[in-house]
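All remarks here apply to the structure that follows.
The values are calculated or read from the model by the stated rules, or taken from the named source; none is laboratory data. Because the structure is a prediction, the values reported are computed rather than measured. Ideal geometry is used to build each Cβ from the backbone, glycine not excepted, and the neighbour counts take in all protein chains shown.
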């Protein structure tokens, strides 16, 4: 686990160091992620009430323009992934926590993530559209379950921290993302907005209900601003 954490931080530092030696643009971004689990059909039939969680994200961006249309982009993002589970009967269990009648649990894992993206832009000098795609490398730093009971209205029952090592959660995640966006270049920088689909390839956890494994998937929308360093 320590080696995995060092690997992803080293990867982020190397990517930003490479870009720092060239003509690049750097900036910040933020937005919303809508995450859920990608499950097999068998697990979906046994636990059909997996639904999305929505959480904010933020990050740093560095872009290296190779040509007027093609660029490489890396990011250092801080975000949450997970899922919501609804319980309509007593003693429904999620990671060892019993949910009350009519309860809902939002299971959230905090990630540090580094995408390495190829970016193709087209359009005029001011407004442009672009496509992005590439691998992502993430590391889960912590997890928690937020529980609520439904008795006419939602009642907050508090949060419970998850020990990721105790549940054999795979902290290091490899995935991919693809998206599309628009940008507007001004005299002092570039505004951008995009939407992305994200899919994890790493098997995160052996779900206790059946001999099935789960992966992260999600959709995100982001806005940000970059300034050129040259």
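Every residue, every condition in (1) at pLDDT below 95; (2) more than 20 Å from the chain's Cα centre (by Cα); (3) surrounded by 14 or more Cβ atoms within 10 Å (Cβ to Cβ); (4) assigned to a strand (DSSP E or B), yes or no:
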position	(1), (2), (3), (4)
22	yes, yes, no, no
27	no, no, yes, yes
33	yes, no, yes, yes
36	yes, no, yes, yes
43	yes, yes, yes, no
48	yes, yes, no, no
55	yes, no, yes, yes
72	yes, no, yes, yes
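Specify the residue that is surrounded by the most Cβ atoms within 10 Å (Cβ to Cβ); the eligible residues are those in the range 161-191 that are in contact (Cβ under 8 Å) with a residue 60 or more places away in the chain and either touching a helix residue (DSSP H, G or I) at 6+ places or on another chain (Cβ under 6 Å) or closer than 18 Å to residue 77 by Cβ (or both).
Filtering first and then ranking leaves 173.
Here are some residues: 215, 196. Which one is surrounded by 15 or more Cβ atoms within 10 Å (Cβ to Cβ), assigned to a strand (DSSP E or B), at pLDDT below 95 and in contact with a strand residue (DSSP E or B) (Cβ under 7 Å, 6 or more places away or on another chain)?
That would be 215, the only listed residue that is surrounded by 15 or more Cβ atoms within 10 Å (Cβ to Cβ), assigned to a strand (DSSP E or B), at pLDDT below 95 and in contact with a strand residue (DSSP E or B) (Cβ under 7 Å, 6 or more places away or on another chain).
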